[in-house]
1. Got a sec? Which of Ile52, Ile65 is hydrophobic (A, V, I, L, M, F, W, C), more than 18 Å from the chain's Cα centre (by Cα) and either assigned to a helix (DSSP H, G or I) or modelled with pLDDT under 70 (or both)?
2. Among the numbered criteria (1) out of contact with any Pro (no Cβ under 6 Å at 6 or more places or on another chain); (2) surrounded by 14 or more Cβ atoms within 10 Å (Cβ to Cβ), which single criterion is violated by Gln72?
3. Just wondering, is there one or more residues in the stretch 139-153 that are on the phi > 0 side of the Ramachandran plot, modelled with pLDDT of 90 or more and charged (D, E, K, R)?
4. Is it fair to say Val59 is surrounded by 12 or more Cβ atoms within 10 Å (Cβ to Cβ), in contact with a Lys or Arg (Cβ under 7 Å, 6 or more places away or on another chain) and assigned to a helix (DSSP H, G or I)?
5. Could you tell me whether Glu100 is crowded, with 16+ Cβ neighbours inside 10 Å, within 30 Å of Leu169 (Cβ to Cβ) and modelled with pLDDT of 80 or more?
6. Taking the stretch 118-168 as the search range and keeping residues that are of a type in the set (Lys, Arg) and touching a residue at least 60 places away in the same chain (Cβ under 8 Å), which one is surrounded by the fewest Cβ atoms within 10 Å (Cβ to Cβ)?
7. Could you grab me the full set of residues in the stretch 143-198 that are among the charged types (D, E, K, R) and over 20 Å from the mean Cα position of the chain (by Cα)?
8. Can you name every residue in the stretch 103-116 that is touching a strand residue (DSSP E or B) at 6+ places or on another chain (Cβ under 9 Å) and either exposed (fewer than 14 other Cβ atoms within 10 Å of the Cβ) or not hydroxyl-bearing (Ser, Thr, Tyr) (or both)?
Amino acid sequence: MSRHLSERFVVKRKLESTRFNWRFPLYAATVALIVFLALAIYGDGFAEFPYIFFAAPIVSLILLIAAIFKKQQRLSILGILGGYCLITTLLSLNYRNVREAGRWLFLSENYKAEVLAQAVAPSGNLKHIEWDRRGFAGIGDTVEYVVFDPDDSLAAAAKRQAPGKFSGLPCEVFRVGRLESNWYSVEFYADSAWNRCD
């Protein structure tokens, strides 16, 4: 009788070990999301590149090797790999939006305090602070600012998402994005800045 129960227990354990487990892909996707968001929010404008070109391939390779050698958990490991790759791909395709939304969610209070502490510019330009900077050698930096617009005059520009020269900004800019009421992100053209229009 005990031998029969023992055999049933072994068979049951084998079935459970080969069965697909949805928890593991969910965990992998969650870890990918957390790491990616941390890099996007607190890293520089190019934090996605080390993640996409180094971390993601290394993690994927480790999972593939594990799937080859762990035959009983192959389905779960491949599920983890699929979840990890899916989340990484979706986040990478939307990196700019994820970065902007995450940074504003977690860091906006500091930016708001610094901007609101500024004196009103005599030139009529809106209060602002540098928000992001990225660039490659030979191309020049692209600078983005957080701008406080008490009249929400940049609302139409943010809706259009088109380049232009707008009231309160010293230069023609590439893009205006709305962060929240009265607060905007303004992206200048490469090699231009608030005090240097090229």
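1. Details: Ile52 fails: more than 18 Å from the chain's Cα centre (by Cα).
Matching residue, one of Ile52, Ile65: Ile65.
2. (2) is the only condition that Gln72 fails.
3. Taking the stretch 139-153 first, the residues on the phi > 0 side of the Ramachandran plot are 140, 152.
Right, trim to modelled with pLDDT of 90 or more and you get 152.
Within this subset, residues satisfying the condition of being charged (D, E, K, R) are 152.
Looking through the stretch 139-153, at least one residue is on the phi > 0 side of the Ramachandran plot, modelled with pLDDT of 90 or more and charged (D, E, K, R).
4. Values: surrounded by 12 or more Cβ atoms within 10 Å (Cβ to Cβ): yes; in contact with a Lys or Arg (Cβ under 7 Å, 6 or more places away or on another chain): no; assigned to a helix (DSSP H, G or I): yes.
Taking the combined requirement at face value, the residue does not satisfy it.
5. Working: crowded, with 16+ Cβ neighbours inside 10 Å: yes; within 30 Å of Leu169 (Cβ to Cβ): yes; modelled with pLDDT of 80 or more: yes.
Criteria met by Glu100.
6. Keep residues of the stretch 118-168 that are of a type in the set (Lys, Arg), which gives 127, 133-134, 159-160, 165.
Still in the list and also touching a residue at least 60 places away in the same chain (Cβ under 8 Å): 133-134.
Values: Arg133: 13, Arg134: 15.
So the residue we want is Arg133.
7. Initial filter on the stretch 143-198 (among the charged types (D, E, K, R)): 144, 149, 151-152, 159-160, 165, 172, 175, 178, 180, 187, 191, 196, 198.
Listed by number, the residues that qualify are Asp149, Asp151, Asp152, Lys159, Arg160, Lys165, Glu172, Asp191, Arg196, Asp198.
8. The answer is Arg103, Trp104, Lys112, Glu114, Val115, Leu116.
The values are calculated or read from the model by the stated rules, or taken from the named source; none is laboratory data. Quick caveat, the model's predicted, so the values are computed rather than measured. A quick note on method: Cβ atoms are made from the backbone with ideal geometry, for glycine too, and the neighbour counts reach across all protein chains shown.
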